[in-house]
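Bear in mind these aren't lab numbers, they're just calculated from the coordinates by the rules spelled out. Fair warning: this is a prediction, and the values are worked out from it, not measured in the lab. Quick reminder, even Gly has a Cβ in these numbers, built from the backbone with ideal geometry, and neighbours come from all protein chains shown.
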Amino acid sequence: MVMERIWRMVTTAPRAALEQQLSPTDLQSLLLDVVRTRAGRVTPARVLRRWREDRLVRPASQDPRVLVKVEARLWEMLPGSFVGVELSPVAPLGTCSAVATVNQNRVVSTVRGSEVVADPTNALAVEAARRRADGARWDRVDVAACHRVLRTQAFDAPGLAAHFKLFALVSSARDAGSCATEAQMLTDHLRYWSRVLAEFVPTRRPRLVFTVFDSPTLAERFADVIAPTVTAELSEVDLVADRGRTQGAGYYTHAAIGLRAQHGGEEIDLGDGGTTTWTAALLGNAKERCVVSCAATERLAMLSCCHKTGHPLLPALGLRSAGGLNGAIGLPQGSSNSICLRPRHWRGHCGSRYRPAARGGPTSASMLADTQLLRRPRLLICQRPHRTCQMAPDRSSSEPAT
């Protein structure tokens, strides 16, 4: 009887009923009825055909065992002030379009009044606003998540997929005046991403770019607070002002940041971020300040100069020689990779004076398994033009992660 009533409303004035007249509950019931009928006519052969043809459902090309190690290290490096959040695969309908003014056509909407998460920073901003409203109104909120997102827009460039993993940070606090709040949150985000770039892509000319759109005060804070603080910690990563950037203006309000690295003579975009008004809009308070940033973990894994993998995973990664890992992580065949044995208490990156104990070939894994001389031995895979591999003390073995 309920469905008959709903169908009568749709039959009389279909568009008005679907867009305005049906209550959310009735609309959901109607859509579920349609989907149930259509699903009943689907055959296994059609499922397989869709699996092959639909870019939204195809599995990712990245080996998850490589990716999970990158993400684990990102969590280890994250400052303790950030709270980890495991987001739901779906968010309320309109999260992207209402919070970040993104076209709803780029989002996979469901029949139950929700949408597949297309950007974890939007969802994290909602969570930060909830925490601020539930008792942290006078305290800064820092949240982080690693999430696979799904977007419907078609990409023409090679190597781009409809779904991918993003490691995202969101900070929210009350305005303290003179852009001091935004400057502190931007500094914390940039310091974290600077350490990430220095560890994962030290030989790929990593740099952070910073753009101020329409805030002279924030431009002053960049010159006298943000840049000196970020650059004092690490010299491997440049922090440069990009005054010509227009991308993201409007999406980000007063400032935007970018994570960049070089590969094959081209600059690769690893991540993005900036200041937003999202928590201010969610809480209805113009004094709220919000900074978001994120990085694509699959791109980090692909471009990473050094990958640490345990020897039981080598067959699954296809690692039979120095070039075997290239296909697994997306590096071009023929790259000058080599394999080095190293003890647990060493962390390495390319270009050093330390000569590894063993290099290359299918015997490295067995040597690593048999040796009793190394403490918790691991393999280190480096891409470099030199015959030596730099080794620096691994702080994770003796010092707490930053």
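Data table
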item: Dimensionless Rg over Rh [region 1-89; C-alpha; Kirkwood]; result: 1.22
item: FRET efficiency for E236 and S81, using Cβ-Cβ distance with R0 set to 35 Å, rounded to 0.05; result: 0.90
item: Residues with amide H under 5 Å from that of S114, placed H, sequence gap 5 or more; result: L93
item: Residues with amide H under 5 Å from that of V102, placed H, sequence gap 5 or more; result: S97
item: Overall Cα dimensions of region 180-263 - principal axes, largest extent first, Å; result: 34, 25, 16
item: Neighbour-count order for S235, S194, S215, fewest beta carbons within 10 angstrom listed first; result: S235, S215, S194
item: In order through region 257-262: 3J(HN,Hα) via Karplus (6.51 cos²θ - 1.76 cosθ + 1.60), integer Hz, x for Gly, Pro; result: 10, x, 10, 10, 8, 9
item: For region 239-252, 3J(HN,Hα) per residue [Karplus equation, 6.51 cos²θ - 1.76 cosθ + 1.60, θ = phi - 60°, Hz, x = Gly/Pro]; result: 10, 10, 7, 10, 6, x, 5, 10, 4, x, 5, x, 6, 9
item: Cut-off under 5 Å, modelled amide H: who pairs with R205 long-range; result: Q262
item: Taking the convex hull of Cα positions in region 2-41, its mean projected area over all directions (nm²); result: 2.8
item: Computed log₁₀ I(q)/I(0) - Debye formula, equal Cα scatterers, no solvent, region 74-193, q 0.15, 0.19, 0.21 Å⁻¹; result: -0.76, -1.10, -1.23
item: Antiparallel bridge percentage (DSSP; both residues within region 64-303; nearest 5); result: 85
item: Pairwise label distance in nanometres, R52 with A16, each label 7 Å out on the Cα-Cβ vector; result: 4.7
item: Peptide ranges 220-227, 125-132 listed from the most packed, as the mean C-beta count within 10 angstrom indicates; result: 125-132, 220-227
item: Ranking of M1, M185 by count of other Cβ atoms within 10 Å, fewest first; result: M1, M185
item: Sparsely packed trypsin sites (Lys or Arg not before Pro) within region 36-98, loop by DSSP, other Cβ within 10 Å at most 12; result: R41, R55
item: Whole-Hz ³J(HN,Hα) from phi, Karplus 6.51 cos²θ - 1.76 cosθ + 1.60, for region 193-203, glycine and proline x; result: 5, 4, 5, 4, 5, 5, 7, 8, 9, x, 9
item: Gain on full stretching of the segment that runs from R174 to R243 - 0.36 nm per residue minus C-alpha separation; result: 22.1 nm
